[in-house]
Amino acid sequence: MAAVEKTTKQPQNKHVSAPWNDPKAEPYIRIENVTKKFGEFVAVNNVSLNIYRGELFSLLGGSGCGKTTLLRMLAGFEVPTAGKIYIDGVDMAGIPPYDRPTNMMFQSYALFPHMTVEQNVSFGLKQDKYPDSEIKQRVAHMLEMVQLMPFAKRKPHQLSGGQRQRVALARSLVKQPKLLLLDEPLGALDKKLREATQFELMNIQDRLGITFIVVTHDQEEAMTLSTRIGVMNEGQIVQTGTPQEIYEYPQSKFVADFIGSVNLFEGQIIEDEQDHVLIRSDEAGGDIYIDHGISSAPGARAWVAIRPEKIRLTKQDLNEPHNCLSGVVKGIAYMGNLSIYLVQLDSGKQIKVTMPNQVRAAEFMIDWDDRVTITWHANSPVALLS
Amino acid sequence: MAATDIVRASRLPASGWLESLLSRLGISGRTLVIAIPFLWLLLYFFLPFLIVLKVSLAFIAIAQPPYTHYDAAGNFVLNIGDSYGRLVKDALYIKAYLNSLMVAAISTLLCLFIGYPFAYGMARCHRSVRNILLMLVILPFWTSFLIRVYAWIGLLKNNGLINEFLMWLGLIDSPIGMMNTNFAVYLGIVYSYLPFMILPLYANLEKMDMSLIEAATDLGCKPLKAFFLITVPLSFPGIVAGSMLVFIPAVGEYVIPELLGGPSSLMIGRILWGEFFSNRDWPTASAVAIAILLALVVPLMFYQKYQDKEMAKES
């Protein structure tokens, strides 16, 4: 995909440059051809991945895609059936969890119920036999950071979900691991708290410079948190990239469909040049012109993915040769900041269009059963071969 | 739909004659349900207890039943001195009590040390194997307790299975005296009560969150240390429950020391039996029984208090 290289992406965390684009950069965590089988079931299938120092890398996928198994192999709870894992240049084979430079924040938080918040946080430091004064100081520092100082003497069952989550985070950070593994860190929180915690996580990661690997099934979470995302499906990583790359340039139907919502049109490539590709789609009922080329044989089957927010909806008749389809509005969902329109194209295919409600009465301008023309910029869609 | 139907159906019988009767008597269904076990305990536990208490305060008499509440002058007297006085004055009883407590305590510890790894192993087994193991733990209950203790005689006696086998192997020349020793008593008690230790421990360990152990090892704790820092403290309710279930019946145990023990295995259960059947001293036998009860009520109350605390913690 030439287009991906052409566009320079700004990672969300501005302090981190883009070492993954630098061929000379030494990866901090190297996962090489790792496979994990449980009996006959292949949970992780030949995954290779390079993660760089200071990254906040998300493993994103549905349940059973192998993301948690991969995380557990990094922590040392599972042993890879094949392949190698290196952390900071050290081969992790045969190194038990308690000797690894990693810490994990568990999905269930796994707080020790018989210990106070303070005892939970200091547990890891005590195992490493730090002097008492240092343990005290580091625990206090950590509790201050997650704003749990007043709760230091409480037991986990006396805390709210959000507070427990912060204890778990403090406990996994206090040892300043080389690599922090987070298993669905925000899964159990309600939406408001999630958003607040997301930014808190990014902040902490930024301040401590620890490399994070986050497992999540929530694409929104992955998008806002990560420097890069690895999308997983059926034990394999299907695409790796920055949130923008993943969203704007998905490389397969699976990724396009999994991240955000998308309209897919099946079609046939009729022109494939350096600077454009033309796809004839009966499903869309017209030709689709995309202003970047893909390398494929003409006549090949392809899919065009276009995001709902990149489509413009108008009542005017535009009559352009391509990227212009007409249909009837079959449904409108008013969301406040935007509205979602369901448009039935003349080809019979139903598509989704979102438009911001810039004007207060915008939702009344286009109404149910109105005939509309939909159009988009040649830059907006992505052509997919699989 | 279906659920409400069931609810309605379950209410049907109560809306009939029973409900009208109860409401006329001013009794709600809830009171009735609670009243049944209360009545049961009242009839079959509290009343007999009162009778035993009454007998313990009587004089021995050559009569049927062999006690009386009237002194020589024909006055009704609560006689504390004869029965309870004997318990305090005669060193035999105190020795028997202390010995019973010691035997029960040591047996409980032995059960704990054998039962804990057992329960732990079971709880960590694959689910399908787990149920089979659980069945095997319960299986001995299908044979009469008495027969199982008798069977040990066949194993332990001088010309029993174990001695014969060891002699056949040539490991020993003459039989080891195992029968009628304290060793046999401990063996019998541990053997008989081990399931009562294993079951509550298993129930506790089985529901333990394995991610806690993983979290401990992840934080740099070696597995054995994690076991003592995490698993053992968290299984404390199971340890307490199992220990109570072994300790309490073991204190009053009669059959095992009688069948397997020797003259030196003096336990309070045997004393009680002797007083009652051999000496026909019902008041003293009753006093011994009351004293056992008191000795056991104290640890039970501790247990109850502990459980209440645990319950409060969970809610």
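On the given criteria, is B:S192 within 14 Å of chain A (Cβ to nearest Cβ), farther than 23 Å from B:L87 by Cβ and in contact (Cβ under 8 Å) with a residue 24 or more places away in the chain? Full working, then the answer.
Details: within 14 Å of chain A (Cβ to nearest Cβ): no; farther than 23 Å from B:L87 by Cβ: yes; in contact (Cβ under 8 Å) with a residue 24 or more places away in the chain: yes.
When the stated conditions are applied, B:S192 does not pass them.
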So B:F302 clears everything in (1) surrounded by 13 or more Cβ atoms within 10 Å (Cβ to Cβ); (2) closer than 20 Å to B:A105 by Cα except one condition, right? Which one?
(1)
Among (1) outside any helix (DSSP H, G or I); (2) more than 8 Å from every other protein chain (Cβ to nearest Cβ); (3) over 30 Å from the mean Cα position of the chain (by Cα), there is one condition A:P113 misses while meeting the rest; what is its number?
(2)
Reported set for region B:205-250 where residues are small (G, A, S) and within 10 Å of chain A (Cβ to nearest Cβ) is B:S211, B:A215, B:A216, B:G220, B:A226
Answer from B:P263, B:P249, B:P237 - the residue that is out of contact with any Gly (no Cβ under 9 Å at 6 or more places or on another chain), within 24 Å of B:P140 (Cβ to Cβ) and surrounded by fewer than 21 Cβ atoms within 10 Å (Cβ to Cβ)
B:P249
Pick from region A:198-211 the residues that are under 25 Å from A:C65 (Cα atoms) and open to solvent by less than 10 Å² (accessible area, probe 1.4 Å): which of them is nearest to the other protein chains (Cβ to nearest Cβ)?
A:T211
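Taking A:S108 as the residue in question, decide whether it is open to solvent by 10 Å² or more (accessible area, probe 1.4 Å) and part of a loop (DSSP other than H, G, I, E, B). Spell out how you get there, then give the answer.
Details: open to solvent by 10 Å² or more (accessible area, probe 1.4 Å): yes; part of a loop (DSSP other than H, G, I, E, B): yes.
Yes: the conditions hold for A:S108.
Quickly run through region B:153-192 and pick out the residues that are β-branched (V, I, T), assigned to a helix (DSSP H, G or I) and within 23 Å of the chain's Cα centre (by Cα). Working first, answer last.
Here is the first cut: in region B:153-192, the residues β-branched (V, I, T) are B:153, B:162, B:172, B:176, B:181, B:185, B:189-190.
Now narrow it down to the ones that are assigned to a helix (DSSP H, G or I): B:153, B:162, B:185, B:189-190.
Within region B:153-192, B:I153, B:V185, B:I189, B:V190 meet the criteria.
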Which condition number does A:T69 fail, the rest of (1) open to solvent by 10 Å² or more (accessible area, probe 1.4 Å); (2) assigned to a helix (DSSP H, G or I); (3) more than 14 Å from chain B (Cβ to nearest Cβ); (4) closer than 20 Å to A:T35 by Cβ being met?
(3)
The lone exception for A:Y52 - which of (1) within 14 Å of another protein chain (Cβ to nearest Cβ); (2) surrounded by fewer than 22 Cβ atoms within 10 Å (Cβ to Cβ); (3) touching a residue at least 24 places away in the same chain (Cβ under 8 Å) it fails:
(1)
Output for region A:72-89, where each listed residue is assigned to a helix (DSSP H, G or I) and either in contact (Cβ under 8 Å) with a residue 60 or more places away in the chain or touching a Leu at 6+ places or on another chain (Cβ under 6 Å) (or both):
A:L74, A:A75
Which condition from (1) under 22 Å from A:I29 (Cβ atoms); (2) within 13 Å of chain B (Cβ to nearest Cβ); (3) of a type in the set (G, A, S) is the one that A:S108 breaks?
(1)
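Residues checked against (1) of a type in the set (D, E, K, R); (2) closer than 30 Å to A:Q239 by Cβ; (3) touching a residue at least 60 places away in the same chain (Cβ under 8 Å):
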| site | (1), (2), (3) |
| --- | --- |
| A:P298 | no, yes, no |
| A:A302 | no, yes, yes |
| A:R307 | yes, yes, yes |
| A:D317 | yes, no, no |
| A:E320 | yes, no, no |
| A:S347 | no, yes, yes |
| A:M355 | no, yes, no |
| A:P381 | no, yes, yes |
| A:S386 | no, yes, yes |
Failed item, numbered, when A:V304 is tested on (1) crowded, with 17+ Cβ neighbours inside 10 Å; (2) part of a loop (DSSP other than H, G, I, E, B):
(2)
Looking at region B:187-207 only, could you name the residues that are surrounded by fewer than 19 Cβ atoms within 10 Å (Cβ to Cβ) and in contact with a helix residue (DSSP H, G or I) (Cβ under 6 Å, 6 or more places away or on another chain)?
B:E206
Of the residues that sit in region A:88-105 and are more than 14 Å from chain B (Cβ to nearest Cβ) and under 21 Å from A:Q127 (Cβ atoms), which one is nearest to the chain's Cα centre (by Cα)?
A:D88
Name the residue that is nearest to B:M208 (Cα to Cα), counting only residues in region A:123-157 that are at the interface with chain B (Cβ under 10 Å from one of its Cβ atoms) and touching a residue at least 24 places away in the same chain (Cβ under 8 Å).
A:H157
Per-region count, region B:70-95, residues at pLDDT 85 or above, under 10 Å from B:P283 (Cβ atoms) and part of a loop (DSSP other than H, G, I, E, B)
0
Among the residues of region A:165-174, is there at least one that is out of contact with any Phe, Trp or Tyr (no Cβ under 9 Å at 6 or more places or on another chain) and surrounded by fewer than 16 Cβ atoms within 10 Å (Cβ to Cβ)?
no
Taking first residues from region A:219-238 that are without any contact (Cβ under 8 Å) to a residue 60 or more places away in the chain and second residues anywhere that are of a type in the set (K, R), the pairs with Cβ under 6 Å that are 6 or more apart or on different chains are none
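The values are calculated or read from the model by the stated rules, or taken from the named source; none is laboratory data. Remember, it's a predicted structure, so these values are computed and weren't measured experimentally. Don't worry about glycine lacking a Cβ; one is built from the backbone with ideal geometry, like all the others, and counts go over all protein chains shown. Just the protein is used for accessible areas: all its heavy atoms, side chains included, with ligands, DNA and RNA removed. Shrake-Rupley method; radii C 1.70, N 1.55, O 1.52, S 1.80 Å.
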